[in-house]
Every structure is written in structure tokens, then in C-alpha cells.
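What follows is a set of notes on a single structure, which appears directly below.
The values are calculated or read from the model by the stated rules, or taken from the named source; none is laboratory data. Since this is a predicted model, take the numbers as computed values, not measurements. Cβ atoms come from the backbone with ideal geometry, glycine included; neighbour counts cover every protein chain shown.
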């Protein structure tokens, strides 16, 4: 899917994804945006204004080319790092709009459970009150196949990871009793409490 050659990275676009580059005026400044549309949704990103780093869309070959253009060694090394970041961000977007992303979370603790009620996620995490969390139904899909399992689905990986981190912040895993909101297959190192 990705080939590397010096300061050029080529990303092949899946056949079920369309890419459009548009100019939009926001707050008086005209910026270039790239819109990715696929069966799982659409995501728009702002392209960099840096002349040393370019993202080029080749419609005939259905590819994106990430190119760094610099002469100095220091700038070239920095551009390589930025190119890798941009490439991985674009690959996540392409996977999201074509296949979708999925994050599974596990609630560990006595009485810890999650449920969807009136378009909100309700968490019982040992607090005196239940925690009610809203979410954007157009961008995130939430399922609770079991009371202690929460599955988040969506095209935008950044949004999913932010939402998952917000859920986790209500009861982070703690090392003494092993309770909390965990990501799937996450293991924490347990600690032994004080002995009398």
C-alpha cells in the first residue's frame, strides 16, 4: 500500500474511496482542504501551507504523494519525520472511511456496567451517581453487547480515541485491586498493598 523512495511517499487509495481537494475561506484566510469520502463516512483535513512539504493527489493513478522538498540536511530529517506522521494520518483516514475503526473497552469491577439509554451512554463505575455521557451519533456508534463491554465504532480514529480516553478518565485502571475502565487486552502491573 505504501512505497518509500528518498523524500517521496506514495499512498494508494482504495477503489471505494474518493478524494477531493477544495479551497475554503475560514476567518479571512484561504486554506486547502482534502476531503475523503467512503462507505463508512467522510473526513476533511486541512493541508499544510509549508512549501517544503506537499501532499499531491494524482487522479489518473488514484494515489496521494507526500513529498518533502529541501536541500539542507537538518530540514530534510525534520521533513522525513513530518512525512511519516502525515502518511500514517492519511492511512488511518483511508482505513476509517473505507472499513471503519473499532475500539473495545472493558469495565472491570463489582457492579461496573455500561448501557445506552435515551441516546446517551450510562456508566455505573462505583460512584454515588451514574455517569451519563453524550456522543455524536453521526460520527460514533456505540454498542454494549455485554454489560461490562463497550464497543466504539466510527470513521474518525482521532475522535474515537478521544472519546475512549474520556471514558477511561472516569475510572482509570488502578494497580491495587485491578478495577477500572480498560482497553481490550490491556494488562496493568499489579501492586501489593501495605502489610500490617
- When you look at residue 109, is it in contact with a strand residue (DSSP E or B) (Cβ under 8 Å, 6 or more places away or on another chain) and within 30 Å of residue 19 (Cα to Cα), yes or no? no
- Restricting attention to the range 122-139, and to residues there that are more than 22 Å from residue 178 (Cβ to Cβ) and in contact with a helix residue (DSSP H, G or I) (Cβ under 8 Å, 6 or more places away or on another chain), which single residue is surrounded by the fewest Cβ atoms within 10 Å (Cβ to Cβ)? 136
- Query: Which condition does residue 74 not pass, out of (1) in contact with a strand residue (DSSP E or B) (Cβ under 7 Å, 6 or more places away or on another chain); (2) over 30 Å from residue 184 (Cα atoms); (3) at pLDDT below 90, if it passes all the others?
  - Reply: (1)
- Message: So residue 142 passes all but one of these: (1) crowded, with 16+ Cβ neighbours inside 10 Å; (2) touching a helix residue (DSSP H, G or I) at 6+ places or on another chain (Cβ under 8 Å); (3) outside the structural domain of residue 18 (by TED's automatic domain parsing). Which condition number does it fail?
- Response: (2)
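Quick check on this structure: which one of 26, 55, 66 is surrounded by fewer than 16 Cβ atoms within 10 Å (Cβ to Cβ), on the phi < 0 side of the Ramachandran plot, modelled with pLDDT under 85 and outside the structural domain of residue 156 (by TED's automatic domain parsing)?
Numbers: 55 fails: surrounded by fewer than 16 Cβ atoms within 10 Å (Cβ to Cβ); 66 fails: surrounded by fewer than 16 Cβ atoms within 10 Å (Cβ to Cβ).
Selected residue: 26, the only one of 26, 55, 66 that is surrounded by fewer than 16 Cβ atoms within 10 Å (Cβ to Cβ), on the phi < 0 side of the Ramachandran plot, modelled with pLDDT under 85 and outside the structural domain of residue 156 (by TED's automatic domain parsing).
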